[in-house]
Each structure stands twice: as structure tokens, then as C-alpha cells.
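Dropping the structure in here first, questions after.
The values are calculated or read from the model by the stated rules, or taken from the named source; none is laboratory data. Note that the coordinates shown come from a computational prediction; the quantities given were computed from them, not determined experimentally. Here the Cβ positions follow ideal geometry from the backbone for every residue, glycine too, while neighbour counts run over all protein chains shown.
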Amino acid sequence: MEQPSPSGEPAISLHDFTDIDHAVEPTYVAALEAFDRLPLLRELKALAVERTATGPGRRVLDVGCGFGLETLRLAPLVAPGGTVTGVDLSAEFLDEGRRRATAAGLDVVFEQGDAQRLPVGDDTADVTRAERVLIYLDHPDRALAEMVRATRPGGRIAIIEPDFDTNTVNVPDVALARAVLAHEADTAVVNARLVRDLTARLAGLGLVDVEIASRMVVFDIELAAQYFGGLGAAAARDGVVDAAAGERWRAIVEDRHRRGDLFGAVGYYLFTATVPG
Ligand SMILES: C[S@@+](CC[C@H](N)C(=O)[O-])C[C@H]1O[C@@H](n2cnc3c(N)ncnc32)[C@H](O)[C@@H]1O
């Protein structure tokens with residue numbers, strides 16, 4: 001996070017959400033807000049709402065809710081009669097979520113807990129969702145089983161996660177780009193390619209009606225500079241490319257950012273499924 005990016009802003013590192021003690025630092029909050037703003041990711045969030053029939057009277061559980069960017073948006077949708085509960089490991093994120101809910105006059109319950117051992121009863125949710133959480137977990141299967149346990153028979157589950165091996169940036173040196181982006185996919189999170197097995201994992205838990213949607217989520221240019229700008233130096237630090245190549249990467253991203261033609265994107269998937277019964 002401390003690494004300055006080509007845009008002059010602190011670089012965004014996706015490693016940080018496993019290190020939740022630092023979660024509520026302004027750069028982390030800004031990073032989550034920057035991703036949350038991306039229109040193509042918003043499309044997947046809206047599709048999750050639609051495919052889970054999130055509406056009046058529903059009890060919604062948002063696992064790994066952060067400080068509630070989407071959680072808060074769901075609250076008006078379930079009124080009247082519904083409830084929205086956000087669970088996250090970070091007490092500081094939850095405090096920030098409560099502060100934002102109060103400021104917006106929204107009724108949302110925030111509970112501290114581990115996605116792998118949810119602090120909620122069996123069959124207590126009609127809809128359980130998790131967005132950009134499973135990729136950070138040591139035991140994503142436990143979290144999936146917990147999401148199923150928490151959801152009533154006939155209830156719906158929605159999961160939104162990226163595939164880090166789809167990271168794309170218009171650095172013209174293809175060999176350098178492959179090396180740097182492969183390093184990012186190999187080191188950024190615990191489960192960078194989890195989406196590839198998710199259909200099988202969901203089916204293995206007995207879920208039915210598994211549907212997939214995807215978007216290649218294009219970054220705005222500032223986020224592209226902040227995220228991609230630091231990846232060359234990280235690859236050089238780990239000896240995947242040499243120092244000169246890491247510096248060349250930084251210069252290319254900086255130059256493209258300055259000229260306004262930096263392009264960055266990553267593939268995101270939405271999985272929805274029904275708990276049988
Ligand atoms: C990238 S953020 C996504 C937050 C939110 N879902 C969003 O889309 O804005 C990942 C979140 O997972 C949380 N997290 C990490 N490990 C967790 C765990 N074991 N149990 C619950 N939450 C966890 C982090 O604290 C962080 O809020």
C-alpha cells in the first residue's frame with residue numbers, strides 16, 4: 001500500500017484484505033470504493049439482486065461485507081419486512097459500516113465473525129451473498145458450507161469473485177506483461193483461480209440451479225494506474241523480473257496514464273444457486 005503509484009496516489013494492493021488489522025486505513029477504504037464504483041462490476045451486483053429475487057420481506061446475509069458498500073444498498077430493497085445482516089472479520093470495517101448505515105438512516109445489522117464459522121443460526125437467511133471474499137480464505141469450502149447452512153431450503157446464494165489470471169493491461173511488452181501478471185495471480189490472494197472450480201464445489205454441496213454470469217470489468221484509468229502501476233516492482237522484488245524490467249513496467253504504465261490511454265481489466269464471475277429442499 002505504501003508504494004506510490006504512477007498517479008501519485010498510494011498504490012492499491014489486493015494482498016491487503018487478508019491483513020485485516022489494517023483494513024480501515026483510508027487507502028483500503030478508497031480501494032474498496034474504487035472497485036465498487038466500476039460500472040461493469042455494478043452490473044454483476046445488480047444481476048445478483050435479480051437472480052436471488054432480493055426484494056421486500058427477504059432476510060439477506062452479506063458474508064465478508066466490508067464496511068457495507070453493497071450491504072447498505074440492499075436494505076431499501078428488502079423493505080418492508082426484510083432484514084439485512086453483514087458479517088465481517090474486521091471490527092473496524094463493521095464500525096464504519098454502522099456509521100454509514102446510521103448516516104443514511106438504514107437499518108442494517110453488522111456482526112463480527114468468520115465466514116468459515118458464521119455467527120448466525122441455521123436456515124436464517126433467504127438470500128446469502130459473498131463478494132470478493134472467498135479468494136482471501138484459507139478454507140473457502142468451509143465458508144461455502146456455512147453459507148448453505150445459514151440459508152433456508154429454497155433460499156438463494158450469490159457469489160461474486162474475480163479470476164486473477166484474467167488480469168489485462170496494455171503494456172506492449174507481452175513477455176514482460178505475462179511475467180508480471182502471472183506473478184500477481186500467483187501471489188495476490190490465497191485462491192486466485194477459485195472461480196474455475198466453483199460450479200463443482202457448489203454442486204458438491206448439493207446446490208441446484210447453478211447459473212453463471214461474467215463481466216470483463218474494465219477499470220477506470222486512475223484505478224488502473226494505482227493497481228497495475230505497482231505490479232512490476234512487486235515482481236522485481238520477488239526476482240520474477242529484473243530490476244530494470246520492473247522499472248520499465250512502472251515507466252510504461254506511468255506514460256500511458258499520463259497520455260490517457262492506459263487500459264486495465266479483470267474478469268469477474270457471478271455464481272447463483274438454490275439450496276435444495
Ligand atoms: C475485498 S473486501 C470485500 C468487501 C465487500 N464484500 C465489498 O465487496 O466491498 C474483502 C473482505 O473480506 C473480509 N474478510 C477477510 N477474511 C475474512 C473472514 N475469514 N471472515 C469474514 N470476513 C473476512 C475482509 O475484512 C474484507 O472486508
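Say whether the condition of being away from the ligand (no atom under 15 Å from the Cβ), closer than 14 Å to residue 266 by Cα and of a type in the set (Asp, Glu) is met by at least one residue in the range 145-162.
no
Another question, if that's okay. Go through the range 80-113 and give me each residue that's among the hydrophobic types (A, V, I, L, M, F, W, C), out of contact with any Leu (no Cβ under 7 Å at 6 or more places or on another chain) and more than 13 Å from the ligand (Cβ to nearest atom).
Initially, the range 80-113 is screened for residues among the hydrophobic types (A, V, I, L, M, F, W, C), giving 84, 87, 89, 91, 93-94, 101, 103-104, 106, 108-110.
Among the residues that remain, those that are also out of contact with any Leu (no Cβ under 7 Å at 6 or more places or on another chain) are: 89, 91, 93-94, 103, 109.
Listed by number, the residues that qualify are 103, 109.
Out of 180, 217, I need the residue that is more than 16 Å from the ligand (Cβ to nearest atom), crowded, with 17+ Cβ neighbours inside 10 Å and within 18 Å of residue 266 (Cα to Cα). Which one?
180
How about the range 114-140: which of its residues are in a strand (DSSP E or B) and near the ligand (Cβ under 9 Å from one of its atoms)?
Hits for the range 114-140 are 114, 117, 129, 130, 131.
Looking at residue 66, is it in a loop (DSSP other than H, G, I, E, B), at pLDDT 95 or above and either within 17 Å of residue 131 (Cβ to Cβ) or within 12 Å of the ligand (Cβ to nearest atom) (or both)?
Judged against the criteria, residue 66 is a match.
Give the residue that is surrounded by the fewest Cβ atoms within 10 Å (Cβ to Cβ), with candidates limited to residues of the range 220-277 that are in contact with a Pro (Cβ under 8 Å, 6 or more places away or on another chain) and not in a helix (DSSP H, G or I).
277
Follow-up question, since we're still on this one. Filter the range 13-49 for residues that are at pLDDT 80 or above, closer than 16 Å to residue 94 by Cα and assigned to a loop (DSSP other than H, G, I, E, B) and give the result.
Listed by number, the list is empty, since nothing qualifies.
Kindly list the number of the only condition in (1) within 11 Å of the ligand (Cβ to nearest atom); (2) surrounded by 17 or more Cβ atoms within 10 Å (Cβ to Cβ); (3) at pLDDT below 95 that fails for residue 10.
For residue 10, the failing item is (1).
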